[in-house]
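K.L.:
This is the structure, below, for whatever I ask next.
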Amino acid sequence: MNATTADPTPPDQGRIVLLTTSHRVAPGLLSWPAWQALRTADRVLCADGAHPQLPYLREAGVRVDEAAPTAEELVDACAGGRTAVVVATGEGDPALTDGLARLAGSGRVAMPDLELLPASYDLPGARLLDLVQVMDRIRLECPWSSRRTHKGLAKYAIEEAYELVEAIEDGDRDELREELGDVLLQVVFHARIAEDDPDAPFSVDDVAGTIVDKLVHRHPHVFGDETADTPEEVRAHWLRTKAAEKQRTSVTQGVPLGQPGLALAAKLASRVRTAGLDVPLPTGDGIGYELLALAARAEFEGTDPEAALRAAARTYRDAIRAVEG
């Protein structure tokens, strides 16, 4: 009777952890699994000696070797069940990851367990930080942008707003995304210019903080104890809190006279109607008074006269092109 022997247990090939972080999150703010991996690793490596995480890791007692091992060297370092953590650089160490993929695909090498461990995550809106950073550099280094003023940029804000409206009316989603970005650029650009004001500087954070405070204050049914179950109740909350904030002596205050004529007329009519005032429309000779009456009627019927006229003008444009062949 032949004795049988069990197959020997295969050697533990160890573990490679690729640790990724976001530059949009403050260095040192890592997830608990990331800290666990770093503290228990047999070796921690980073190819970038200037990586922003390194001072915080070392302060926490984690030894980090500044090294850029090849895939083969990293696999050898894990032999015997050891764990190696690679703190990924901003570029993601493609040479290393490609090399590991080639080794794994060859079938000739017993590979360690491979784990991708995100140590920090981008929060919603994180790319806005990139926009602020890019705008800051452009403001400092671009000969054109460094000389712009609020007044000099004002016309672009109007143009971009109109292009956004056109994208909305066209229903083009790609165009809409791009035009929203162009409008956002105007906000960030003006905020960056404001930082350079010698007398009353403010930053994009001040701009964001102001609108956050306003939104919270004007939505007591969301952030406070009041309730609102219908859009009409929400509007009532909004108007009430807005009136308390502004303390205006006239309903016409805050209505920009520089806006298109139909929109201006409709806005004034809206303010009058909302305030419950009895203000007859002025009469006179000329097309202007007729347009004023039409704009007021459109607002009363719930129609945006500017949008209605644009829609008619687009139809007119299409008719012109049809005749032109």
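K.L.:
Among 35, 238, what's the order by accessible area (1.4 angstrom probe), most exposed first?
P.N.:
238, 35
K.L.:
For the range 211-325, with all protein chains present and a 1.4 Å probe, just round the carbon and sulfur fraction of the accessible area to a whole percent.
P.N.:
Result for the range 211-325: 59 percent of the exposed heavy-atom area is carbon or sulfur.
K.L.:
In addition: Between 175, 160, 226, which gets the highest mean-square fluctuation from a Gaussian network model of the chain, Cα cutoff 10 Å?
P.N.:
Comparing 175, 160, 226 in the GNM, the peak value goes to 226.
K.L.:
Given R₀ = 56 Å, FRET efficiency for residue 246-residue 59 by Cβ-Cβ distance, to 0.05?
P.N.:
Working from the Cβ atoms, E equals 0.65.
K.L.:
Quick one: putting +1 on the C-beta of Lys and Arg, -1 on the C-beta of Asp and Glu, what dipole do you get for the range 151-257 around its Cα centre, in Debye to the nearest 20?
P.N.:
Around 720 debye, computed over the range 151-257.
K.L.:
Still on this structure: For the Cα atoms of the chain, what angle does the longest principal axis make with the long axis of helix 305-324, in degrees from 0 to 90, nearest 10?
P.N.:
80 degrees
K.L.:
With the cut-off at 1.5 for a/c, could you classify the range 59-99 from its C-alpha gyration tensor as rounded, prolate or oblate?
P.N.:
Since a/c reaches 1.5 but b/c is at least a/b, the shape of the range 59-99 is classed as oblate.
K.L.:
When only DSSP loop residues count, what GluC sites (Glu not before Pro) in the range 57-104 have their Cβ near at most 11 other Cβ atoms within 10 Å?
P.N.:
Hits after loop and neighbour filter: 91.
K.L.:
Ok, one more. Over the Cα atoms of the range 94-219, Rg to Rh with Kirkwood Rh, two decimal places?
P.N.:
Here the Rg-to-Rh quotient is 1.19.
K.L.:
Still on this structure, I have one more. Rounding to the nearest 10 and keeping the result within 0 to 90°, find how far the Cα-based axis of helix 127-141 lies from the longest principal axis of the chain.
P.N.:
Rounded to the nearest ten degrees, it is 80.
K.L.:
Indicate the gyration tensor shape class of the chain (rounded, prolate or oblate), computed on the Cα atoms with a ≥ b ≥ c the square roots of the eigenvalues: a/c under 1.5 is rounded; otherwise a/b larger than b/c is prolate and the rest oblate.
P.N.:
prolate
K.L.:
Now for a separate question. Rounded to the nearest 500, what is the 222 nm mean residue ellipticity of the chain from helices alone, with -39500 (n - 2.57) per DSSP H run of 4+ residues and division by all residues?
P.N.:
-17500 deg cm²/dmol
K.L.:
With no solvent and one equal point scatterer placed on each C-alpha of the range 190-319, evaluate the Debye formula and give log10 I(q)/I(0) for q = 0.13, 0.15 Å⁻¹, two decimals.
P.N.:
-0.82, -0.98
K.L.:
Mind listing which GluC sites (Glu not before Pro) in the range 269-325 are in a DSSP loop and have 10 or fewer other Cβ atoms within 10 Å?
P.N.:
Answer in residue order: 301.
K.L.:
On to the next question. Convert each backbone phi in the range 15-24 into a coupling constant with the Karplus relation 6.51 cos²θ - 1.76 cosθ + 1.60 (shift: θ = phi - 60°), then list the ³J(HN,Hα) values in order as whole Hz, x for Gly and Pro.
P.N.:
Per-residue couplings from phi come out as 8, 10, 10, 8, 9, 10, 9, 9, 6, 8 Hz.
K.L.:
Could you work out which residue, out of 239, 128, 185, moves most in a Gaussian network model of the chain, that is, has the largest mean-square fluctuation with Cα springs under 10 Å?
P.N.:
239
K.L.:
Continuing with this model, one more query. Can you give me the accessible area per residue for the chain, using a 1.4 Å probe, in Å²?
P.N.:
Roughly 67 Å² per residue, with all protein chains present.
K.L.:
For the Cα atoms of the chain, what angle does the longest principal axis make with the long axis of helix 150-170, in degrees from 0 to 90, nearest 10?
P.N.:
Relative to the chain, helix 150-170 is tipped by roughly 90 degrees.
K.L.:
Could you check what % of the DSSP bridge pairs in the chain are antiparallel, to the nearest 5?
P.N.:
Of those bridges, close to 0 percent are antiparallel.
K.L.:
Still on this model: Can you put 204, 222 in order of accessible area, largest first, using a 1.4 Å probe?
P.N.:
Most to least solvent-accessible, the answer reads 222, 204.
K.L.:
Can you tell me the FRET efficiency between residue 113 and residue 133 if r is taken as the Cβ-Cβ distance and R0 is 35 Å, rounded to the nearest 0.05?
P.N.:
With a Förster radius of 35 Å, E is 0.45.
The values are calculated or read from the model by the stated rules, or taken from the named source; none is laboratory data. Worth saying up front: this structure is predicted, and the values here are computed from it rather than measured. Cβ atoms come from the backbone with ideal geometry, glycine included; neighbour counts cover every protein chain shown. With ligands, DNA and RNA removed, areas are computed over all heavy atoms of the protein, side chains included. Shrake-Rupley method; radii C 1.70, N 1.55, O 1.52, S 1.80 Å.
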